[in-house]
């Protein structure tokens, strides 16, 4: 049976419900969806939509670093937006984090997200040995 390991770091926001920041199974890391919470305060950040996307991606990267990799090893990203008209704004930030050989990605519009935010992102990454 493959071992299942829970990932937890103070460099990313604590879970706002009964879930783990990430789970490692073999060489795969499955993150929980991250929203633009400040890891120190646990509160949603202000600023622009692009500021919020950056915060989410930084939170994901912190979790992946704790698990032994980084966003550069992401293989699948799922983005949830409450307004799909922000797709281009998302891409403007996204390319800063994934410029070469970006992971597969799905972007979905949803009616609501936790704590009233407008963006949530989760990913699956491959940890190198």
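Read the figures in this text as sums done on the coordinates, not as results from a lab. None of the values given here were measured: they were computed from a predicted structure. Neighbour counts are summed over all protein chains in view; Cβ atoms, including those assigned to glycine, are modelled from backbone coordinates with ideal geometry.
Taking the simple approach of a point 7 Å from Cα along Cα-to-Cβ for both residue 41 and residue 85, what is their distance in nm? According to this spin-label approximation, the distance is 2.8 nm. Ranked from largest, the principal axis spans of the Cα set of the range 4-126 equal 37, 33, 22 Å. Determine the gain in length on full extension of the stretch residue 28-residue 95; use 0.36 nm per residue of separation and subtract their C-alpha separation, reporting nm with one decimal. Here the answer is 21.8 nm.
By per-residue mean of other Cβ atoms within 10 Å, what is the highest-first order of 107-116, 43-52? Mind dumping the intermediate values first?
On the way: 107-116: 11.5, 43-52: 14.1.
Result, highest mean Cβ count within 10 Å first: 43-52, 107-116.
Place the peptides 32-39, 5-12, 69-76, 56-63 in order of packing, highest mean first, counting for every residue the other Cβ atoms within 10 Å and averaging per peptide.
Details: 32-39: 20.0, 5-12: 15.0, 69-76: 17.5, 56-63: 22.4.
So the peptides 32-39, 5-12, 69-76, 56-63, ranked by packing, come out 56-63, 32-39, 69-76, 5-12.
From least to most packed, judged by other beta carbons within 10 angstrom and beginning with the fewest, 79, 93 follow the order 93, 79. Shape class for the range 1-65, computed from the alpha carbon gyration tensor (a ≥ b ≥ c): prolate, with a/c not under 1.5 and a/b above b/c. Once both labels are positioned 7 Å from their Cα atoms along Cα-to-Cβ, the gap between residue 19 and residue 106 label points is 1.4 nm.
Full extension from residue 126 to residue 78: what is 0.36 nm times the residue separation minus their Cα-Cα distance, to one decimal in nm?
15.8 nm
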